[in-house]
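Values quoted throughout were computed directly from the atomic coordinates according to the rules given, and no laboratory measurement underlies them. Owing to the predicted nature of the structure, the values given are computational and were not obtained by experimental measurement. Neighbour counts run over all protein chains shown; Cβ positions are idealised from the backbone, glycine included.
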Amino acid sequence: MSQWDAPGQPSLGVAMIGYAFMGAAHSQGWRNAHRFFDLPAVPEMRVVCGRTESATRDAATKLGWATWTTDWRLAVERDDVDVVDICTPGDSHAEIALAALAAGKHVLCEKPLANTVAEAETMAAAAEEAQRRGVLSAVGFNYRRTPALALARQLVADGAVGTVRHIRAQYLQDWIVDPEFPLLWRLQKDKAGSGALGDIGAHIIDLSQFLTGQRLVDVAGHLTRFVDRRPLPSSGSGLSGSGGAGETGEVTVDDAAVFFGRTDGGALATYEATRFATGRKNGMRIELNGSAGSLAFDFESMNELHVYDATVPASGAGFRRILVTEPDHPYTAAWWPPGHGLGYEHTFVHEIADFVRDVASGVPPTPSFADGLQVQKVLDAVERSSDADATWTTV
Ligand code: SOE
């Protein structure tokens, strides 16, 4: 018997739907959150669900789930499940989330919240109704839990940049530059909703609003596709896989998106989301310029935040690099000594730790489904703008 199954230790039974890239990342969170953070309840990884029997069984063993099923409804209905974690492609988010909320289960749903504004609206309404019954929900915008970005948010709130004038955000990847890269679900509109825009553009939309506390009110943008057909996949999931024997299929999402917008706080914001930035692997960059200073961040150096203080005399001013690994930085006290650094997976451990703490204490976690809906509306406005020759479009 371990300390975790000691009698009286409150637990939170979890069902996770989907086990590929995001499922593996979330499992890391469910396994480790209570081992590094003091939480009011211990997550119990009760059941994982996938479509294929043998692969789901293997995933359960590998990722640490007690059991598995190929029927998500069975997982959602179990009495020993308190939380449903949705890590599936976007086309099933709404159906699973609505069923889980109706069954009284708290829900953590991967981003973007849904594939359409209509679905996201239904989900946000269901979440609001469920909250009145004490059933809580959140969207998995994990990058909010990067220590350097959590610190950036505190600094902005404390006035370190003054009035924000510019938001400059990029999300640069290159995993589909090769035209022979297979047609995975992320490249199919019926499954993913959109391409670079929804998959990675959604992160920088959420982050820019989270950091500044401002919301986009209108946008203009352009989406493009560089490769129209790709080999059908023969194997693999997540971001890997190999092409099949000669057969190809149509890519139905954008490969890249550029857009700009105005916020309700008067800032001008520019965004670029692409999977064709050769050499950039996960270059999620954000810079804020304000009346009193600037902040700059790049996920490829995720333990650093660059801060410019415009109140320092010009002769001595310059961007300072803060290594965000000190114990008084957000989340870092739970981990390693200063300078040892954290990685991508820690953002998920933090996300789960925050979610468990909130849910176990009855506090609505963030970002809410309503926040997810607002991001969905921005995505939709960018698509509408692109269809209308990049004209200004209200969110
Ligand atoms: C793939 O482009 C992806 O995995 C996104 O889906 C994630 O949200 C992002 O964190 C990394 O890239």
Next item on the list: Take the alpha-carbon centre of region 250-276, take the same for region 24-69, and report the distance between them in whole Å.
Entry: 34
Note to self: Which of rounded, prolate or oblate describes region 273-395 when judged by the alpha-carbon gyration tensor and an a/c cut-off of 1.5?
What the structure shows: oblate
Item checked: Ranked by how many other beta carbons lie within 10 Å on average, peptides 374-380, 40-46 from highest -> 374-380, 40-46
Next item on the list: Sort 152-160, 334-342 for me by packing, meaning the mean count of neighbouring Cβ atoms within 10 Å per residue, highest on top.
Entry: 152-160, 334-342
Check: Tell me, what is the FRET efficiency for Arg165 and Tyr344 to the nearest 0.05, using R0 = 35 angstrom and their Cβ-Cβ distance as r?
Finding: 0.70
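How high is the relative contact order of region 244-395, in percent, with contacts defined as C-alpha pairs under 8 Å that are six or more residues apart?
Relative CO of region 244-395 lands at 9 percent.
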Check: Label Thr67 and Ser54 with points 7 Å out from Cα along Cα→Cβ: what is the distance between them in nm?
Finding: 2.3
Item checked: Separation between Cα centres of region 103-163 and region 184-201, rounded to whole Å -> 20
Next item on the list: Any chance you could run the full-extension gain for Thr252 through Val363? It's 0.36 nm times the residue separation minus the Cα-Cα distance, nm to one decimal.
Entry: 36.0 nm
Note to self: With an 8 Å Cα cut-off and a minimum separation of 6 or more residues, compute the relative contact order for region 3-143 in percent.
What the structure shows: 21
Margin query: For the chain, give me the percentage of DSSP beta bridges that are antiparallel, rounded to the nearest 5 percent.
Written below: 60
Notebook entry, point to check: Ranked highest first by the average count of other Cβ atoms within 10 Å around their residues, in what order do 117-124, 55-62 fall?
Noted result: 117-124, 55-62
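If you take the square roots of the eigenvalues of the alpha-carbon gyration tensor of region 18-116 and sort them as a ≥ b ≥ c, do you get rounded (a/c under 1.5), prolate (a/b over b/c) or oblate?
Details: a/c = 1.37, a/b = 1.16, b/c = 1.18.
Rounded is the answer for region 18-116, as its axis ratio a/c remains below 1.5.
When a/c reaches 1.5 or more, the comparison of a/b and b/c decides; with that in mind, is region 326-395 rounded, prolate or oblate per its Cα gyration tensor?
Working: a/c = 4.20, a/b = 1.96, b/c = 2.14.
Oblate, since a/c reaches 1.5 and b/c is not below a/b.
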